[in-house]
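Encoded as structure tokens, the structure appears first; notes follow it.
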Amino acid sequence: MRRREETLLILLLGTLLLAVGPGRCAPAPVLFSEEFTAPQIAMDGDPKVWKVAEGALVGQGGAEWNYSLIKQDLPADSVIEADVTIPQQGPAGAPGQGTGDWFRYRMQRDCPGSEACLILRSFGSSLTESWWYRVELSARYGEIALHKGNGGYVQVVPAEVRAGAKHRLKAEARQNRIRAWLDGELLIDFQDDFAPIEGEGGRWGVGVFGTQALFDNLTVSAPEETPLTVLPRPRRYMRIRT
């Protein structure tokens, strides 16, 4: 009997090695998952803005950001991802003087034309508090942007964001490092050396501004344990690529 148990254990270990593969880590544990197949979901949000319809969470944005946040606190180091569709472009950012998008990002700080976002490490007692990392998508300007509640826009990168198309948006917070992927491509890699937003737990979720946005297959998982290389200290706090 003992030999049989040992044989079964060896077979099980072999199966796990084949599934994971050499030099690869096992999949990170999923901490939260929502496919929006039922009207009742474990997320907060203004019912006038948010509803579950046709297997997606639909937000109808207005003149300011509105969020739907997962009810439970999640670890500060986590990965959030979702399928995001922006059916139509949102309103344009305010016009102004300046080089490139200086006016949109420095003067119209709340939203310079983004339509949908993921929220990371949101701290406070309301759905509109200002301590967070916000990874935004803009179909109007073709951008992905990183906004922090205590510092404004810190990184903006051109991206293939198309109105009506479904995109997979993924964002990770690990210590003072924020990274974001769009459709599997790493586009934002920001090391927050200036007053990083830190703490135990925090709220995670999605947001909408100015138009309609659809979210589906939302998950939050633990980050991989692969060590991150330290980024060189930037010469300036804010980086915009136009």
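Counting the residues of the stretch 139-171 that are farther than 19 Å from Ile80 by Cα and either among the polar types (S, T, N, Q) or in contact with a Cys (Cβ under 7 Å, 6 or more places away or on another chain) (or both) gives 1.
The set of residues in the stretch 49-66 being touching a strand residue (DSSP E or B) at 6+ places or on another chain (Cβ under 8 Å) and not small (Gly, Ala, Ser) consists of Val49, Trp50, Lys51, Val52, Leu57, Val58, Gln60, Trp65, Asn66. Taking first residues from the stretch 208-219 that are surrounded by fewer than 23 Cβ atoms within 10 Å (Cβ to Cβ) and partners that are hydrophobic (A, V, I, L, M, F, W, C) and in a strand (DSSP E or B), the Cβ contacts under 6 Å between residues at least 6 apart in sequence or on separate chains come to Leu214/Ala56; Leu214/Val58; Asp216/Ala56; Thr219/Val30. Considering the stretch 212-231, and only residues there that are in a loop (DSSP other than H, G, I, E, B) and more than 15 Å from the chain's Cα centre (by Cα), the residue that is modelled with the highest pLDDT turns out to be Glu224. Taking the condition assigned to a strand (DSSP E or B) and either loosely packed, with under 14 Cβ neighbours inside 10 Å or at pLDDT below 95 (or both), does Ala180 pass? Judged against the criteria, Ala180 is not a match.
Scanning the stretch 46-66 for residues that are at pLDDT 95 or above and within 17 Å of the chain's Cα centre (by Cα) returns Ala56, Leu57, Val58, Gly59. Restricted to the stretch 79-90, and to residues there that are modelled with pLDDT of 95 or more and surrounded by fewer than 22 Cβ atoms within 10 Å (Cβ to Cβ), the residue that is farthest from Gly61 (Cα to Cα) is Glu81. Restricting the stretch 183-211 to residues that are in a loop (DSSP other than H, G, I, E, B) and of a type in the set (A, V, I, L, M), the residue that is farthest from Glu81 (Cα to Cα) is Ala195.
The values are calculated or read from the model by the stated rules, or taken from the named source; none is laboratory data. Keep in mind it's a predicted model, so treat the numbers as computed, not measured. As a convention, Cβ positions derive from the backbone with ideal geometry for all residues, glycine included, and neighbour counts pool all protein chains shown.
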